[in-house]
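Asker: Here you go, one structure.
The values are calculated or read from the model by the stated rules, or taken from the named source; none is laboratory data. Quick caveat, the model's predicted, so the values are computed rather than measured. Cβ coordinates were reconstructed from backbone atoms using ideal geometry, including for glycine residues, and neighbour counts include every protein chain displayed.
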Amino acid sequence: MVSCRHTALEVLPVRKRTLRCRHCHLTLGGGGFGDDYSPECYDRSGERRYEFDELEALDDGVAKYRCEECGAIITSS
């Protein structure tokens with residue numbers, strides 16, 4: 001296991017809207033994908049599926065950071 005001091009942190013933004021494909025369950029940030037097809041379904045079967053469920057964003061007040069050196073996700077409470 002590599003030890004990292006996590007000195008280079010990047011704040012991860014909170015997703016305001018998340019969409020989940022009803023067929024393959026791929027989750028996407030809601031930025032413009034609502035009118036588009038699921039890229040995962042298209043890659044797997046060649047079918048363009050447009051059916052998505054909108055997921056409610058959890059705002060638990062916890063900030064998330066990613067260490068740019070090792071890729072670890074760190075949460076603060």
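Asker: Report, by residue number, each residue of the stretch 21-40 that is charged (D, E, K, R), at pLDDT below 90 and surrounded by 11 or more Cβ atoms within 10 Å (Cβ to Cβ).
Answerer: Of everything in the stretch 21-40, just one residue is charged (D, E, K, R), at pLDDT below 90 and surrounded by 11 or more Cβ atoms within 10 Å (Cβ to Cβ), namely D36.
Asker: Residue under question is D43, and the condition is that it be more than 27 Å from T75 (Cα to Cα) and at pLDDT 90 or above; does it hold?
Answerer: In short, yes.
Asker: Something else: Report, ordered by the first and then the second residue, all pairs with beta carbons closer than 6 Å, sequence separation of six or more or different chains, a first member in the stretch 3-14 that is within 9 Å of K64 (Cα to Cα), and a second member that is at pLDDT 85 or above.
Answerer: Hits for this filter: E10/R66; E10/E68; V11/Y65; L12/K64; L12/R66.
Asker: So which residues in the stretch 41-53 are in contact with a strand residue (DSSP E or B) (Cβ under 6 Å, 6 or more places away or on another chain) and acidic (D, E)?
Answerer: Listed by number, the list holds a single entry, D53.
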